[in-house]
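First comes the structure, then the notes that go with it.
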């Protein structure tokens, strides 16, 4: 057990080492170049950490928003008949609803159509026939109605459209919209396109430009007539409590339905999108890590220059009784303080920027007069950001580790300086 005098001596040496390290970090006349490099290193680490946090958060936000919009309209699991439409869709939907973990299951009829407004013009889109109960199960649509009422969609000849489509065709509640099916009907004089006119009963705004300008909802019976699928459905959409763990539900669906079916979940339907987001996130993480790595090399160069400038001071400290370990710790403190302070500043900048990222975007957009986030290109109407604290912790640990590793060689070199040789050179 250490004696009190020994503990007091150790504490005194620790305070002495901290004071020397703080003094070396403060620039004096003739040493400002070394201090400027240290400041650049700190700024580089701070910007690297902040940029990495911001970019990863924005990518997480994009992934979450896009997936929520996609799943909000397309369901967690899709059940398709193998090579033919689903005829007994009501019985199959009831069987699927009884599976534990399933929150909703309803049939739809979906196909591509050409839409034409009363004032002319045409636009390609997707028409989806759905039951009133099924439409109520879509919070992406049912919770974002800006005009009209979805309950009116149960009437024949009614349609629900997105705000983007309403703006393009200048439509309002009660306006007419024609849906044209190019395949049409075969007659004795040839194929005649199927044309159905619908009255706008509701206008929704999901916040995703692609859906608001190309998706329309019509009654299931009207879609069966339009797409020539009497008493049949193209798909049964299934929603579950935990979309990330739906393998057991998929197996249960295949067991309870005896007909040949094809069951696909949201990962299979969006595998290319998920793969692209994952690869892009990994590449961006690697590229932005190089900023922190460059800043760590700046820490090495600044400490090496500091050790060279302080060689005489180190020699005097050694002759006064300072151990090589004390010299090592002094320069470790110098480098680590730059890394820790830069990491903390970058963490603060990154989290604050993510919290107000859309407000910052709008301010810059007003200031420059240039749109920075076009919804027609990025499919979202605002810039999303979602902080993943696990990723943030990884970034902070990586930055602190690189900063600490950058101080080891210069500190070891300072501890190995021979005081006699250093004073002799002076």
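The values are calculated or read from the model by the stated rules, or taken from the named source; none is laboratory data. Since this is a predicted model, take the numbers as computed values, not measurements. With ideal geometry, Cβ positions are generated from the backbone for all residues, glycine too; neighbour counts draw on all protein chains shown.
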- Note on the structure: Checking 362, 391 in turn, the sole residue that is more than 28 Å from residue 39 (Cα to Cα) and either touching a helix residue (DSSP H, G or I) at 6+ places or on another chain (Cβ under 8 Å) or at pLDDT below 80 (or both) turns out to be 362
- Message: Go through segment 225-249 and report how many residues are crowded, with 17+ Cβ neighbours inside 10 Å and either in a loop (DSSP other than H, G, I, E, B) or under 38 Å from the mean Cα position of the chain (by Cα) (or both).
- Response: 13
- Quick one: which strands (runs of 3 or more DSSP E) lie wholly within segment 35-150 and hold at least 3 residues that are more than 21 Å from residue 225 (Cα to Cα) and not assigned by TED's automatic domain parsing to the domain that holds residue 292? 77-81, 102-116, 145-148
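So which residues in segment 201-215 are touching a strand residue (DSSP E or B) at 6+ places or on another chain (Cβ under 9 Å) and surrounded by fewer than 22 Cβ atoms within 10 Å (Cβ to Cβ)? Lay out the reasoning, then the answer.
From segment 201-215, those touching a strand residue (DSSP E or B) at 6+ places or on another chain (Cβ under 9 Å) are 201-209, 211-215; that's our starting set.
Scanning segment 201-215 gives 205, 207, 209, 213, 214.
Check whether at least one residue in segment 279-290 is part of a helix (DSSP H, G or I) and farther than 30 Å from residue 244 by Cβ, and report yes or no. Step through it out loud before you land on a result.
First, the residues of segment 279-290 that are part of a helix (DSSP H, G or I): 279-290.
Imposing the further condition that a residue be farther than 30 Å from residue 244 by Cβ reduces the set to 290.
The answer is yes, given that some residue of segment 279-290 is part of a helix (DSSP H, G or I) and farther than 30 Å from residue 244 by Cβ.
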- Would you pick out the residues in segment 178-200 that are buried (at least 19 other Cβ atoms within 10 Å of the Cβ) and modelled with pLDDT of 90 or more? 198, 200
- Task: Find all pairs meeting these conditions: Cβ atoms under 7 angstrom apart; at least six residues apart or on different chains; first residue within segment 60-79 and within 20 Å of residue 389 (Cα to Cα); second residue part of a helix (DSSP H, G or I).
- Result: 63/277
- State all residues of segment 304-321 that are under 14 Å from residue 412 (Cα atoms) and out of contact with any helix residue (DSSP H, G or I) (no Cβ under 8 Å at 6 or more places or on another chain); if no residue qualifies, say none. 308
- Query: Quick check, is residue 294 touching a residue at least 24 places away in the same chain (Cβ under 8 Å), in contact with a helix residue (DSSP H, G or I) (Cβ under 6 Å, 6 or more places away or on another chain) and either surrounded by 13 or more Cβ atoms within 10 Å (Cβ to Cβ) or in a helix (DSSP H, G or I) (or both)?
  - Reply: no
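Here is a yes/no grid of residues against (1) buried (at least 16 other Cβ atoms within 10 Å of the Cβ); (2) over 30 Å from residue 54 (Cα atoms):
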| residue | (1), (2) |
| --- | --- |
| 298 | yes, no |
| 302 | yes, no |
| 312 | no, yes |
| 320 | no, yes |
| 327 | yes, yes |
| 331 | yes, yes |
